[in-house]
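The values are calculated or read from the model by the stated rules, or taken from the named source; none is laboratory data. Predicted model only: the values in this text are computed from it and were never measured. Heads up: the accessible areas ignore ligands, DNA and RNA and are worked out on the full protein's heavy atoms, side chains in. Shrake-Rupley method; radii C 1.70, N 1.55, O 1.52, S 1.80 Å.
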Amino acid sequence: HLKDLEAEALIRYSPVQAGMGRPQHIYQLSSLGRDRLRRNSTDADSYGDFAVSLLDTLAETVGREQMSSILRKQWERKAIEYQDRLGHGSLEERVAKLVEFRKAEGYMAEWYPVDADDDTTQQGDRFIVTEHNCAISNVAESFPSVCSHELEMFAAVLPDCTVERTHWIINGEHRCGYLVKAKKPTRESK
């Protein structure tokens, strides 16, 4: 099946050497494959097309700068919603809940802890959040600022952390990724 999909240019792979033996093949959808998947999806695609059309009309009506403000306001509202539902557990518990919220919204999301990289980093202080698809990809392609607002939203939802983008589908990568790191307490906050 993979050879057939590759022959149709719907997927591509890259070999990755992981230890001894043959290299592993990492497969990902090509842009043609993503388009085909999008076309074959049912109502979700027509909703996405409608959303992009509506946003285009808004941008023509109010201008791109105002449009960016509107999109920022949407993410601010989403951040408040997430914060209300997230609670005050450990960072690990909050990251896990955030990923569950994203899954419920159509993202193929996952998270995992990152090992401490030095003596000052505690176990449980760093996590990777990965989204293997973009539930709003057609909006993001037309309005890439939503991705910046999304990054700001994650940082607002986890105010005791820094959140950095590590991977970005818009840049041709096969996932969006975020590094979540607990902020170190300052002397004033001790």
Problem - Rounded, prolate or oblate (a/c below 1.5 giving rounded, otherwise prolate when a/b exceeds b/c) for the chain by Cα gyration tensor - result: oblate
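Sort W168, W75 by accessible area with a 1.4 Å probe, largest first.
Values: W168 55, W75 30 Å².
The residues order as W168, W75, largest area first.
Got the relative contact order for the chain handy, in percent, Cα pairs under 8 Å and 6 or more residues apart? All intermediate terms of the calculation are to be shown ahead of the outcome.
Working: 220 pairs, mean separation 29.4, N = 190.
Contact order relative to length: 15 percent.
Could you rank R36, R94, R85 by how accessible they are, 1.4 Å probe, largest area first?
R85, R36, R94
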Handout entry: Accessible area (Å², per residue) of the chain, counting only protein heavy atoms and a probe of 1.4 Å
Key = 64 Å²
Handout entry: Helix runs (DSSP H) in the chain reaching 15 Å along axis by Cα, Kyte-Doolittle at least -1.0
Key = 43-62, 91-104, 145-157
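What ranking of H149, H132, H167 comes out by heavy-atom accessible area, probe 1.4 Å, highest first? Kindly include the intermediate steps, with their values, before the conclusion.
On the way: H149 5, H132 75, H167 50 Å².
Ranked from most to least accessible, the order is H132, H167, H149.
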Exercise for the section: Return the single residue from R22, R34, R165 with maximal mean-square fluctuation; model: Gaussian network over the chain, springs between Cα atoms under 10 Å. Expected result: R22
Handout entry: Rounded accessible area of F154 (nearest 10 Å², 1.4 Å probe)
Key = 10 Å²
Exercise for the section: Report the accessible area of F50, computed with a 1.4 Å probe over the heavy atoms of all protein chains in place, in Å² rounded to the nearest 10. Expected result: 140 Å²
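Relative contact order of segment 56-151: what whole-number percent is it, with Cα pairs under 8 angstrom and at least 6 residues apart? Don't skip to the answer; put the middle values down first.
Details: 76 pairs, mean separation 23.0, N = 96.
Relative contact order comes out at 24 percent.
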Exercise for the section: On the full set of protein chains, 1.4 Å probe, figure out the accessible area of E100 and give it in Å² to the nearest 10. Expected result: 100 Å²
